[in-house]
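Laboratory data are not the source of any read-out in this text; all were calculated from the coordinates shown. Predicted model, so just to flag it, every value in this text is computed and none were measured. Please note: Cβ atoms are built from the backbone with ideal geometry, for glycine as well, and neighbour counts cover all protein chains shown.
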Amino acid sequence: MKKLIVTAIGFTALLFSAQAQETRKQNNQSGQRHEKHHMAKELNLTEAQKEQLKTNRESMRAQLADLEKNDQLTVKEYRSKKAEIQKDQKAKMDNILTEEQKQKFAATKMGRHGKDGKHRSFNPDHLKASLNLSDDQVTRLKQNREQKKAALQSIREDKQLTPEQKKEKMNAVKSQSKTFYKETLTPDQYEKMESMKKDRVKKSRK
């Protein structure tokens, strides 16, 4: 009887885990669709440009997928080839967009990110004023940020993992980071940070 109960609990946990992963996947896909729609609207893209950019994205994804499967490359070779693919994708995008559209795209990107290319909302220094963080909190958040960045980079470069395994491990790292934020921030600070994130998403969808 006990074995049946344990088995049932394990199966339920596995089912919820699978459902949670599917929900995250759907949310990510939804966010990407909204971002693409926002960019198309912001840049006033023609239908021809939309199709060209779509083909460009799909080509890059296929190349990156093939690169991930190549376990014969060293880390240095992997990074070099990935940089080449991204550089080629950017060059093709520049050829598709007009000068005015490229300027608007750069301005929109700068609005979402800081000058260093990182989201302002998650930069501890920017959060300090918005959430009234203590110096100790800022230090701990910076350490967590660097640890998370290193962990995700390590997973990406692990050639022994399948794409699904990488996704699972990355989700685990992100989940741990979210728990860390909850433990480090006060309830009010955490609630305000989540509200800021939601506001940013709403603005990106306009």
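Listing for the model above:
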| item | result |
| --- | --- |
| Residue order, fewest to most beta carbons within 10 Å, for VAL138, VAL201 | VAL201, VAL138 |
| Inter-site label distance for ARG57 and ASP136 at 7 Å from Cα along Cβ, in nm | 4.5 |
| Cross-link pairs beyond the 20 Å C-alpha cut-off, checked among LYS167/LYS192; LYS92/LYS159; LYS149/LYS169; LYS82/LYS167; LYS90/LYS166 | LYS167/LYS192; LYS92/LYS159; LYS90/LYS166 |
| Rounded FRET efficiency, nearest 0.05, which uses the C-beta distance separating THR74 from ASN123 and R0 of 35 Å | 0.60 |
| Along principal axes, Cα extents of the range 44-112, largest first, whole Å | 42, 25, 19 |
